[in-house]
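Worksheet: the structure to be examined is printed underneath.
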Amino acid sequence: MTDNDLANGERSSWLSLYLFNHDCGRVTGLFKHSLNIQFSGILFHLGRKTETLSCLGITLPDDQVMSILRQVSVDDQARFINGTIYLYTQMTVLAVPVMTLKEVNLTVPTNLSPTLLPAALAKFQQIPFQEKWGLANMEQASRLSNQLLSANLAADIQAVAGHLVGRGRGLTPSGDDIMVGFTTALTAFQDPRAALWRETLATLAKQNVTTSVSVAYLRAASERVASQKLIHLIAALKQGSTTDILAAIQSVENFGHTSGIDTLFGFATGLTARLSE
Amino acid sequence: MLYTVIKKNSYQDSINLMLLTNNISDMPGVNKVQVMMGTAANKDIFDEAGLLTEEAKAAQPNDMMIVLDSDDASVMDQVLSATDDFLSDLSVKSDDDSTDSKNVTNWEDAKKQLPDANLALISVPGVYAADEIDNALDNNLNAFVFSDNVSLEDETRLKKKAHKKGLLVMGPDCGTGIISNVPLAFTNVVRSGNIGLVGASGTGIQEVTTIIERLGGGVTHAIGTGGRDLSDPVGAITMEDAIAGLAHHDPTEVVGIISKPPAKEVRDDVVKLLHSINKPVVAIFLGEKPDHHEGSVYLAHTLEETARIAMDLADHKPVKPNYYAAKPLQTAGPELVGKKVIGLYSGGTLAYEAGMLISEALNLGGIISDEGYVLRANGNEVLDLGDDIYTQGRPHPMIDPRIRIEKINEYAEKSDTGVILLDDVLGYGTDDQMADALAKAVKDALAKRPELKFVTTIVGTNEDPQDYQEARKLLAAAGAIVCDSNAQAVRVALNLIGKDVNEPDKAVVPYTQKTAPVPASSESLLDLLYTKPRVINVGVAEFLKPVLKFGGTGVQFDWQPIAGGNPKMIKLIKRVKALKDRQTENNHVMTDLKQAAPFLTDVVPAGSVIPELKGHHTLLHAGSPITYAEMTSPMQGGCIGAVLFEGWAKDEAEARRMLENEEIDFLCNHDVNAVGPMGGITSEHMAVLVIKNKLKGNDAYCTMNEGIGKVLRFGAYSQEVIDRLNWMANVLAPTLSAALKKLDGGLNVNVMMAKAITMGDEFHQRNIAASLVFLKEVAPLIVSLDIAEKTKQEVIQFLADTDQFFLSIMMATGKSMVDAARTYHKGTVVTTMTRNGKDFGIRISALGDQWFTAPVNTPEGLFFTGFSQDDANPDMGDSAIAETVGFGGMAMIAAPGVTRFVGAGGFKDAQKISNQMAKITLGRNPNFSIPTWDFQGTAMGIDIVKVVETGITPVINTGIASKVAGVGQVGAGTVHAPLACFEKALVAYAQHMGLIEADEAKSMDKELVEA
């Protein structure tokens, strides 16, 4: 494996800020199609090329990811050396190229075209969030939407965020996904509240209040970075056709068990904020 | 009383034989027994054990010597039966294995099977190891050399050669290694990690890697160098190349070095290199007590400290000033104070470490190396039971617990023994039940002396084939104190007798000497470090299993000493094989053989085509030159018959007198373009077949087959025989001659043979198909002749009755093929094989008409009713021309019908024989493809180099003559050509090519004659 050229994938532009030569890590999560490696500065995500590029990691061709998944175990050591992540498994050293992969800019775009937003909103309004999201009946969707939209001051935002953080189940609890979607939308639309939300998320990310995966995404959102699916949606809103927008929404919606829906709920709420101006 | 059995040509590797010896030693009635191959070194061991009998003295390196000391002669039968069972179990296992891995027996096949091999794992007897390392390097392979007893001179030469080629020689005497997480030889299973080790000590590497694994770390490469790599002559070639390699291996972040203190200059060089690489280093020069660290090179005192420093470096943590507990690990046992510490180790480096720590703590003046003792002072003794003195002729104590149990009992009885230290080394290669055996011995000893203490350390990991945790439990349950490392075990032992170690803090001081650029590593070395090894496993088959299990690939090379283990011959083969034109020259000979175009053109009186016979009292005989007096009885009988046939004598008595008085001259058939079956006796008026090889236009002759029963070729000379010869000369020959003349250019023999080989003929023992094909061609011609019908009928009936008629056509064909090829005087191809009943003679392409002879063997096979092996005459006849050109025994697989008749067993045996013959030939003859061999062509072009190298000699299918003249054929079977004539030819060839001086050739020849 170490001699294979796996350079046929993509890496998040955000990585180079948090992954440094000789960083030590350990495999902390093994999933059906991806894995997480906890380095000191980043929870690194290795996913399949046919799925979304996480702002926290890279994608590789599906067969190579599956081959890696077959060989690694949770707790295997990892080192980032000279642009490659080495995974030290029981039987072998796997070399995962990082810096030779194509870099993808996952910084949230801004200056969206207002003309395209109503079409998106119409689509969002068709999504039965209350039925499909991860919070079930723990919250009322419309009430939560209002809470998010009406929090303008730092203290109000912290209160809403404090209520949502870690709320729900899974690797990325629904409350966190909602905040990531909402903050990303505010960032994209250059909403005046965006900075306060980003600060709040940055603070929450430093506290031990949610899962480590969520922490990584909250921090990413606080640094104007999002996963590729969300970036594609924003890009579609910026300059794509209605078809592109609908496809991008569908793509986010399909992500994870409820993660995509939850993120979309947050994002749709942010979009409402923009349109209500 | 001593009883000896020598099993000729029964090679087994030494580990198998040690296990066998172990297995049969406990049999009832066995006082002592030893099984080894007949090498000079092994004979010394027998001698020392008082087992070197006269029979054993005479054994050859390829012979298995079994010497039993017993009061009862019948015990030997039981020993032999147990030996057969043991070896047959092994062979069944090996057969099963070989189905998967397709074992090979030479380097060429190994490379063919694993073309991208990058590592040879060599575990052959030491005396042959240097040659195999050389072969590995010549094949551009890195070498991991488990074998020991390689001279320092050879080691130095080979390591220099490897370095020049960018290759690594790990060893010799390298018991342990990990390459890309593949455990090699005696090695533990350790997870991968960012630590890379280079070690000149086997158990040192094992102790450090297993502690790292148990601490949660990992080691990807642990490169063994062999114990003498850091000596002055070798100059740490392997260690320095390995360090540079690890410096260029990105996944390795920490480098660890394990060695005994090297020579000063070598140490300076190595240390300079360690400071030059941009990775942190932990180094232990076991025996030195460092008082500081230096720059990025951290110096450890014990193997455990080495592992712990490596772990901190690997985790990017600061190195601590001290890794030893401040307080003793154990309170002193008042009853043990003043008692002695005894170390009974299977691991050499562990013994060394124990000796060092005990000596330091008790101020005993350092360690020694004396008859297995590492320490022997004031009653404190540490023994390395893996030392040569304990392992000559018996298994290593990591495999066999007996020597340790003996020593435990011996020391436990001594009243001043206070503590006994033991190690149990787990991992591949070592015994699975060692902990159990040691626990039992500990328990027994403690039952007798409860105040005694046993302190043990187990070198192993949870992934080892043995159960590490279970081993700990067993020893603890037996009453032993089980420690996590050897250093801790020694400290506990010292604590028990009221002593302790002194380990001061170590500070880091800057390195002030110069550094140097790190040499670039070769592609081969980087390939070795960055990929899973692709291994040619030369020797002990067990070593291949972990390679395959841990992701490597490999091929098993079932090694046997080449050239029967004769060191001079091995050297000669190497030199001959290095001749760069030889292959082209041999190809030239092969082309002539393949392109032969033999045609049966005529049948004539011998004297009309062989001038040497015309008008002289001269007879031709089979084989190389021989006098009448030297001939065996059947050949002499043939001579009598010929003299009577020619009318030179009126009766047998006169014929005998003439022959005995040397009134008859003799010539070899082969010297006059002829061949003759069995006795091969040919005279002026006998009819011979004429074969013209149209490739070069040369003719060859052979007398016609007389049928079976009483015939001249088997030594019969009664009137019936003479009458038949007359009929053949006067009726059969002219008829066939006239028939053949009706064809333009004669009868194409290749076409007949190509048909017949697909019909089950191999042309030596079975010619029925070819004889019928011949009859099919010639019968219409005979019928069309203007001769008496009665003659036609007689001739056709004779041909129809004579199943072996074609044998003589094939023989003359073979002779015409080799004579055409013999016009080119280069190469090592056998161009003639023949036997005269006394000697087997061969000629080779480079040396023209020169004969190389050795005493013939006697064929073995099946006998006609009333006859047995005792009636068999030694091997005789020019018919081995069949095998010379790829037929007969060489093509046994073509003729399943005769395999049983010639005593070659069943179909699979025939296939095995032909496959074996293909190992000594240079190529295939596409003219004669064999359906039962998956349409491969006949194996042709016997190469003397291959014969001598493999020890495989051609198998000849042959009729068996009675040793009494006149009786005739008594059976049929097979016989092997003797190796010595091929060896003699090789010596002569080497001299001819200027590779050895005449006197050296003469002395080798003399040795061959004496052997």
Among beta bridges that DSSP assigns inside region B:595-818, antiparallel share in %, nearest 5: 75 percent
Whether region A:141-221 is rounded, prolate or oblate, judged on the alpha carbon gyration tensor where a/c under 1.5 counts as rounded: prolate
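With a sphere of radius 12 Å drawn around the Cβ of B:Ala477, what net charge do the other residues whose Cβ falls strictly inside it have (Lys, Arg +1; Asp, Glu -1)? Display every interim value, and only then the final one.
On the way: positive: B:Lys440, B:Lys443, B:Arg472, B:Lys473; negative: B:Asp436, B:Glu470.
So the surrounding residues net to +2.
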Quotient of C-alpha Rg and 2.2 N^0.38 Å, computed over region B:595-818: 0.98
Relative exposure of B:Lys912, B:Lys453, B:Lys514, B:Lys279, judged by other C-beta atoms within 10 Å (fewest first): B:Lys514, B:Lys912, B:Lys279, B:Lys453
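Under the √(5λ) rule applied to the eigenvalues of the Cα gyration tensor, what semi-axes describe the equivalent ellipsoid of chain B? Give them in Å, descending.
Values for chain B, descending: 70, 30, 22 Å.
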Net charge contributed by nearby residues that have their C-beta within less than 11 Å of B:Gly837 (K/R +1, D/E -1): 0
Candidates A:Gly166, A:Gly29, A:Gly266, ranked by Gaussian network fluctuation over chain A, Cα under 10 Å, top entry: A:Gly29
In order through region A:71-76: 3J(HN,Hα) via Karplus (6.51 cos²θ - 1.76 cosθ + 1.60), integer Hz, x for Gly, Pro: 9, 9, 10, 4, 5, 4
Region A:98-124-region B:725-739 distance, computed between alpha-carbon centres (Å): 104 Å
Mean-position separation - Cα centroids, region B:432-504 and region B:11-61, in angstrom: 34 Å
Order of A:Ile261, B:Ile358, A:Ile234 - criterion: other Cβ atoms within 10 Å of each residue's Cβ, fewest first: A:Ile234, A:Ile261, B:Ile358
Considering only the protein assembly as shown, percent of DSSP beta bridges that pair antiparallel, nearest 5: 55 percent
Residue-wise HN-Hα coupling along region A:36-52, computed from phi with Karplus coefficients 6.51, -1.76, 1.60 (Hz; x: Gly, Pro): 10, 10, 8, 9, 4, x, 7, 8, 7, 10, 10, x, 7, 5, 7, 10, 7
Peptide-level mean, for B:172-183, of C-beta atoms on other protein chains within 10 Å: 1
Centre separation in Å (Cα based) which lies between region B:740-815 and region A:7-56: 81 Å
Rounded to whole Hz, the Karplus (6.51, -1.76, 1.60) HN-Hα couplings of region A:217-226, x for glycine and proline: 6, 4, 5, 4, 4, 5, 10, 6, 10, 9
Ranked B:Met753, B:Met817, criterion: other C-beta atoms within 10 Å, fewest first: B:Met753, B:Met817
Relative counts (whole %) of C-alpha pair distances in region A:10-104, using bins that are 5 Å wide: 3, 15, 28, 30, 18, 5, 0
Chain A: most fluctuating residue of A:Met138, A:Met91, A:Met179 per GNM, C-alpha cutoff 10 Å: A:Met91
Among A:Phe129, A:Phe31, A:Phe255: highest mean-square fluctuation, GNM of chain A, C-alpha pairs under 10 Å: A:Phe31
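With Cβ to Cβ distances under 14 Å as the rule, what net charge do the other residues near A:Thr258 carry (K, R +1; D, E -1)?
Values: positive: A:Lys132, A:Arg167, A:Arg169; negative: A:Glu131, A:Glu139, A:Asp176, A:Asp177, A:Glu253, A:Asp262.
Value of the local net charge: -3.
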Longest to shortest principal axis, alpha-carbon extents of the protein assembly as shown, angstrom: 140, 91, 56
For residues of A:76-89, the mean tally of beta carbons on other chains within 10 Å: 4
Residues with amide H under 5 Å from that of B:Lys340, placed H, sequence gap 5 or more: B:Thr417, B:Gly418, B:Val419
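The numbers here are math on the coordinates, done by the rules we state, and not lab data. Since we're looking at a predicted model, the values are computed, not measured. Cβ coordinates were reconstructed from backbone atoms using ideal geometry, including for glycine residues, and neighbour counts include every protein chain displayed.
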